[in-house]
Amino acid sequence: MKKIILITVAVLSLSFINDANAQRYTEEGAIGVGLAWTSLNYGVSAKYNFTEEHTGQVIVGSANYGFSFSGASSFSLTGRYAYNFEAGDIDFAAFQPYVYGQVGYWTYKYDFLGTSFNQNSIAIGAGGGIEWSINNFIDGLAFSFELGYTRISFDGIASIGGFNGGGGIHYYF
């Protein structure tokens, strides 16, 4: 038991050491994995920096399709392109503003009293945000906040969309 505690303390201590690559999320070739959320969607996210200016992102969200106790379930797969502006640094944090465009596939399923309802849609959106990391904290950890507009129309039956806010947390390798 003492060995496990000692190893855990050592790993946690090392993770708080900040090195020269603390802003890994701004580097070409960086891969980030984490969670992303907007007022219309949430899910597991992966990012890849093609260059310092161009980033691709995939979000697999609302992943309870077919596994809901209420009879309603949904699934979404969203792809994003982000253009990153020049990174900056203030006393306690480094930051990088960006704008994004996205397209996604959404599906919604509802079962009620033996009747099944299933709709699919292509969603589009655009917005901007800022990704930042706290200096002298966990190397490779970055947070993001954003504002955007998303539009989803389910075959003329229902539409959702409008301005939304969101955020995320990613760890970059």
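FYI, it's all coordinate maths here, none of it is from the lab. What you are looking at is a predicted structure, and each value in this text was computed from that prediction instead of being measured. Here the Cβ positions follow ideal geometry from the backbone for every residue, glycine too, while neighbour counts run over all protein chains shown.
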Study note, to complete from the structure: Sorted by chain and then number, the residues having a modelled amide H within less than 5 Å of the amide H of Ala93, at least 5 places away or on another chain, are Asn135
Exercise for review: Can you pull the one-decimal nm distance between simple spin-label points at Asn135 and Phe173, each 7 Å off the Cα toward Cβ?
Suggested key: 2.9 nm
Practice item. Write down the Kirkwood hydrodynamic radius of region 66-173, to one decimal in angstroms, obtained as one divided by the mean of 1/r over all alpha carbon pairs. Key: 16.2 Å
Check your understanding: Hey, rough spin-label estimate for Leu113 and Ala46, points 7 angstrom out along Cα→Cβ, what's it come to in nanometres?
Key -> 4.4 nm
Practice item. Name the residues whose placed amide hydrogens come within less than 5 Å of the amide hydrogen of Ala123, ignoring near sequence neighbours (fewer than 5 apart) on the same chain. Key: Gly104, Tyr105, Trp106
